[in-house]
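Structure, as structure tokens:
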Amino acid sequence: MLPPGSWLGCLGGGQLGRMFVHAAQAMGYKVLVLDPDASGPAAQAADDIVVAAYDDMQAVAAFGKRVAAVTTEFENVPAATLEALAAVVPTRPAAEAVRIAQDRRREKRFFSDHGLPVGPFAVIERAEDLRAASPTLFPGILKTATLGYDGKGQQRVTSVEQALLAWMSMKQAPCVLEALIPFEREISVLVARSADGATAVWPVQENQHVGGILDLTIVPARIDGTRLAEAQDLARRLVAAVDYVGVLCVEMFVTADGLLLNEIAPRPHNSGHYTIEACVTSQFAQQARILAEAPLGDTSLVQPAVMVNLLGDVWFDAATPMQPAWPEVLALPGAHLHLYGKAEARRARKMGHVTCTGATLDDALATAQRVKQILRIAA
Ligand code: ATP
Ligand code: MG
């Protein structure tokens, strides 16, 4: 195990990096963040920062020399950067796993090639691909193959004609067309795998999205026990198939006929923030353990939890604009406020979250509803 006091490297300076920094520091490690922004959420917490673009190979090499292991919190770090680092320092996850998650074409093909359940889809690279698309893909969702997040780069389409127009508006970028899945619930599963192949799976999360962005995460997910076990098993099979080392999140749809994979994120995930207060080991502490080659921590749920995502809208919609009612939130028993230190609130920008824990899931849900009322979060 790397001795505490060693330097760990984190590619990316967002909130996931910030929470990783906090967890790694709690275990006595120092963290060097590489990010183009000198004042982002992780940079504020890091022990030191390298301000550089992810493809500045000179800066990346210098960064690699200063750390004993590297992780990433940002999905779009170029695979070439991870490969260059892996040549000089243990880099988790490896470029190959990140490359799969970076491109929906690769991701969907990976699922189907490995016999993992995935809904109907077609890869769209030419207009003919759309014209030839099976009628079973409509109504569907056209998604750009790369760089999508929070539902960006996606359009719902009901016919080939509409899909062609949508594709033109997406500048004919490579896409995946997916059939719209009539899901009962959306869930995600976090799984950790260490360099020696040990795995640990957290409880299953139920996710509710509003406008394509995560709004609530409810744990444990309200689905039957067989499905829960299946979801965890799928997550374990996935990390083994990718030979993954690190923390990974798998998003799935629960349908009347079973589970379907949606996508994977090769890093801790927004839907896993609840693990900080509700699990024995958080997703960030686990990421630090894996980097340090320490034993995996216990992923058991200690208490039910509901996470409310805080978007910039909270600042604009406050009774006194730009002054959300934090004291009222903090007065609620079991409400844990996290703010990411972002200087400017913007609508739809992730600014923080509140994890509500309770003795029962109903208690946690009631607290989450109070948080939403206090902060005037719709629905
Ligand atoms: P994020 O970064 O928030 O995970 P994303 O932009 O990568 O999102 P997806 O997860 O693919 O995009 O889609 C966002 C949401 O849109 C999903 O969580 C789900 O609610 C809905 N959605 C996506 N694909 C489908 C589908 N095939 N059928 C039904 N709903 C879908
Ligand atoms: Mg998603």
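The values are calculated or read from the model by the stated rules, or taken from the named source; none is laboratory data. Small disclaimer: the values here were computed from a predicted structure and weren't measured. Ideal geometry is used to build each Cβ from the backbone, glycine not excepted, and the neighbour counts take in all protein chains shown. Each accessible area value is taken on the protein alone, full model and side chains, heavy atoms only, with ligands, DNA and RNA left out. Shrake-Rupley method; radii C 1.70, N 1.55, O 1.52, S 1.80 Å.
Could you check the stretch 149-174 and list, in sequence order, the residues that are outside any loop (DSSP other than H, G, I, E, B) and away from ligand 2 (no atom under 16 Å from the Cβ)?
Val157, Val160, Glu161, Gln162, Ala163, Leu164, Leu165, Ala166, Trp167, Met168, Ser169
Name every residue in the stretch 111-141 that is within 23 Å of the chain's Cα centre (by Cα), open to solvent by less than 30 Å² (accessible area, probe 1.4 Å) and away from ligand 2 (no atom under 15 Å from the Cβ), in order of residue number.
If the condition is that a residue be within 23 Å of the chain's Cα centre (by Cα), open to solvent by less than 30 Å² (accessible area, probe 1.4 Å) and away from ligand 2 (no atom under 15 Å from the Cβ), then Leu116 is the only one that fits.
Keeping to the stretch 94-129, report how many residues are within 16 Å of ligand 1 (Cβ to nearest atom) and in a loop (DSSP other than H, G, I, E, B).
Residues that pass the stated criteria total 5.
Of all residues in the stretch 273-287, which are assigned to a helix (DSSP H, G or I) and either open to solvent by less than 10 Å² (accessible area, probe 1.4 Å) or closer than 12 Å to Val191 by Cα (or both)?
Passing the criteria: Thr275, Ala278, Gln283, Phe284, Gln286, Gln287.
Suppose we filter Gly341, Gly246, Gly334 for residues that are touching a residue at least 24 places away in the same chain (Cβ under 8 Å), away from ligand 2 (no atom under 16 Å from the Cβ) and open to solvent by less than 20 Å² (accessible area, probe 1.4 Å); which single one remains?
Gly246
Could you please find all residues in the stretch 50-75 being under 19 Å from Met19 (Cα atoms) and among the acidic types (Asp, Glu)?
Matches in the stretch 50-75: Glu73, Glu75.
Considering the stretch 197-228 alone, what residues qualify as being part of a loop (DSSP other than H, G, I, E, B) and under 19 Å from Lys350 (Cα atoms)?
Gly211, Gly212
Does Val189 satisfy the condition of being away from ligand 1 (no atom under 16 Å from the Cβ), open to solvent by less than 20 Å² (accessible area, probe 1.4 Å) and either closer than 18 Å to Thr355 by Cβ or touching a helix residue (DSSP H, G or I) at 6+ places or on another chain (Cβ under 7 Å) (or both)?
no
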